[in-house]
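Data block below; observations after.
Bear in mind these aren't lab numbers, they're just calculated from the coordinates by the rules spelled out. Please read all numbers here as calculations on a predicted model, not as lab measurements. Every residue, glycine as well, gets a Cβ built from its backbone with ideal geometry; the counts of neighbours run over all protein chains shown.
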Amino acid sequence: MTETPSKTTGAEFPEIEDDAAAIFDEAPQAEAPKAGRNIEAMLNVGLDVQIVLGHARLPIAQLLKFGRGSVIELDKKIGEPVEVMINDRLVARGDLVKLGEARIGVSLTEIVKDYVSDD
């Protein structure tokens, strides 16, 4: 024979009931949000940034033959600007620059107009 679950009341879990009451009772009373506070919340949002050196389209059979030292030919030439993508959307182009001994970076040369709104 199966038992039917019994209904629970707040009396069985008083700490949950107290917490819920505190949350709803202490909610701000229709206070207008401050503009600076909204911007501060956005400043910590993580974005996926990609620097695209070029593209290549290969059959899987050729890809499986690659090993250490294999070279993949890209569709861009040396000296052409690289693309800066943010969350899979093109936002800028730039040139690769050397930073120290073992690091590289991108010097932005163009902001893509489609990304910047004219508001």
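Residues of segment 67-92 that are within 18 Å of L108 (Cβ to Cβ) and in a loop (DSSP other than H, G, I, E, B): K76, G79, E80, P81, N87. Within segment 75-92, the residues that satisfy the criterion of being more than 19 Å from the chain's Cα centre (by Cα) and either surrounded by 13 or more Cβ atoms within 10 Å (Cβ to Cβ) or charged (D, E, K, R) (or both) are D75, K76, K77, E80, P81, V82. Looking across segment 52-66, just one residue is over 31 Å from the mean Cα position of the chain (by Cα) and assigned to a loop (DSSP other than H, G, I, E, B), and that is K65.
Cβ separations smaller than 9 Å between residues 6+ apart or across chains give the following pairs from segment 40-65 residues that are in contact (Cβ under 8 Å) with a residue 40 or more places away in the chain to residues that are exposed (fewer than 10 other Cβ atoms within 10 Å of the Cβ) and of a type in the set (D, E, K, R): D48/D88.
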